[in-house]
Amino acid sequence: MEELVIAKVHGPVGHLQLNRPAKINALNLQMLQELHRVLHLWAEDPKIELVLLTGNGERGFCAGGDIANFHTALTTGAHEDFLALLSLEFDTDHLISVYPKPLITVAHGITMGGGIGLASHAPVRLVTAQATMGMPEARIGYTPDVGGTHLLASAPGHFGEYFAMTAASFSGEDAVFLGFADAVISTEFAESIFDELDDLVGLGSADIASAIEVLHSVPESHKLELEQGWVDYAFGAPTLAEVLERLTEMVHPAARKAAASIAGNSPTSVAAAFHSVRAARAEQNLRSALDRELRLADYLMHLPDLAEGIRAQIIDKDRNPQWKPNSPAAVNEAELLALLDG
């Protein structure tokens, strides 16, 4: 049976590779347990000085959590089991963020949801220009998690609310602008990075990131910067209702597209995304964001939208979810805000 996570030690370098390429390395319980175990083991091993985390396969680093497993848990009453899985995943993401040794992640291709949790909290975060990244959870009746609200809240202006509420994706180049990565590298270097690590052993994370940026980064084109004016105007409104109102009044084509995307997403998820990004921005603390996201996960998995969203987008693929409630005005924002406050 093939290993879902390959862990190999080469002298002072530990290499972890997600190895479920047919599923774009979608994370399941077995993979998370192995990642958590090996990362702890290597953190305490004095012989290992540098850790590399990559994903096998051309299609992407990691498409996120295994959504089909999530749907099974919801429809069989195994909510607590899946909440325990999420708790382990969030703990693994936090461990990566505070890792005591240089840990390099390489995000390529599709890197969504749980993939961002692994890739974008690391001490050294590399991405290929061709990567497609995002937090698409509002599309399935869920909300950004794995510390995504913390990352989104730290993005320039109000891009955090924009990406959380629309569930839109962004390029590897824009990942650096948004704060999800440190440097853009070529696909060729991403594929051969392991052979270059000997020269980096012994350096600290900041020096490794600087060296790679100087020697191997490729020119970036931050197209998103051109959109910040209208994004900040619309998504910087003081309340959710005013954000939606501003979007409907704008004639900017991108604003109209954003409004249409939000209208197709779960109204409850959109509200949860908006408020959780704002709560994360107020605190600027990853651990608090993860704890808040876990409370939201526990809440949302007991509502009908999550199972319905996965059914419509992943299982039946009819792309026609029936949200309950089906309008922003009917969402219980007070209940969400109480959850966010803990």
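Determine the equivalent ellipsoid of region 110-162 by diagonalising the alpha-carbon gyration tensor, then write out the semi-axes as square roots of 5 times the eigenvalues, largest first, rounded to whole Å. Display every interim value, and only then the final one.
Values: eigenvalues 59, 38, 25 Å².
So the equivalent ellipsoid measures 17, 14, 11 Å along its semi-axes.
Regarding region 187-284, what is the average projected area of its C-alpha convex hull, in nm²?
Working: hull surface 39.2 nm².
For region 187-284, averaging the hull's shadow over all directions gives 9.8 nm².
How much mean residue ellipticity at 222 nm does the chain get from its helices, if each DSSP H run of length 4 or more adds -39500 (n - 2.57) and you divide by all residues, to the nearest 500 deg cm²/dmol?
Numbers: 16 runs with 170 residues, N = 342.
Theoretical 222 nm ellipticity from helices: -15000 deg cm²/dmol.
Where does region 122-261 land on Rg(C-alpha)/(2.2 N^0.38 Å)?
Details: Rg = 17.3 Å, N = 140, 2.2 N^0.38 = 14.4 Å.
So region 122-261 has a normalised radius of gyration of 1.20.
Given the C-alpha centroids of region 123-138 and region 10-84, what is the distance between them in whole angstrom?
First find each Cα centre; the distance between them is then 16 Å.
Can you tell me, using C-alpha contacts under 8 Å and at least 6 residues apart, the relative contact order of region 1-125 as a whole percent?
Numbers: 227 pairs, mean separation 34.6, N = 125.
Dividing the mean separation by the residue count of region 1-125 yields 28 percent.
Report, in debye and to the nearest 20, how large the dipole of the chain comes out about its Cα centre when Lys and Arg carry +1 and Asp and Glu carry -1 on their Cβ.
Working: 22 positive and 45 negative charges, 142 e Å.
Dipole of the chain, to the nearest 20 debye: 680 debye.
Starting from 0 in steps of 10 Å, tell me what percent of the Cα-Cα pairs of the chain lands in each bin.
6, 27, 35, 23, 9, 1, 0
Looking only at the chain, where both bridge partners belong to it, what percent of the DSSP beta bridges are antiparallel (to the nearest 5)?
Values: 11 of 32 bridges.
Antiparallel bridges make up about 35 percent of those DSSP assigns within the chain.
So for the chain, taking the charge dipole from beta-carbon charges (+1 Lys/Arg, -1 Asp/Glu), which of 50, 226, 187 sits furthest toward the positive end?
Of the candidates, 226 comes out farthest on the positive side.
What number of lysine-lysine pairs in the chain show an alpha-carbon separation below 29 angstrom, given a sequence spacing of 8 or more or placement on distinct chains? Write down the numbers at each step before the final one.
Values: 8/23; 8/47; 8/101; 23/317; 47/101; 223/257; 257/317; 257/324.
Lysine pairs meeting both conditions in the chain amount to 8.
FYI, it's all coordinate maths here, none of it is from the lab. Every value quoted in this text rests on a predicted model; they were computed, and no experiment measured them. Every residue, glycine among them, receives a Cβ derived from its backbone with ideal geometry; neighbour counts consider all protein chains shown.
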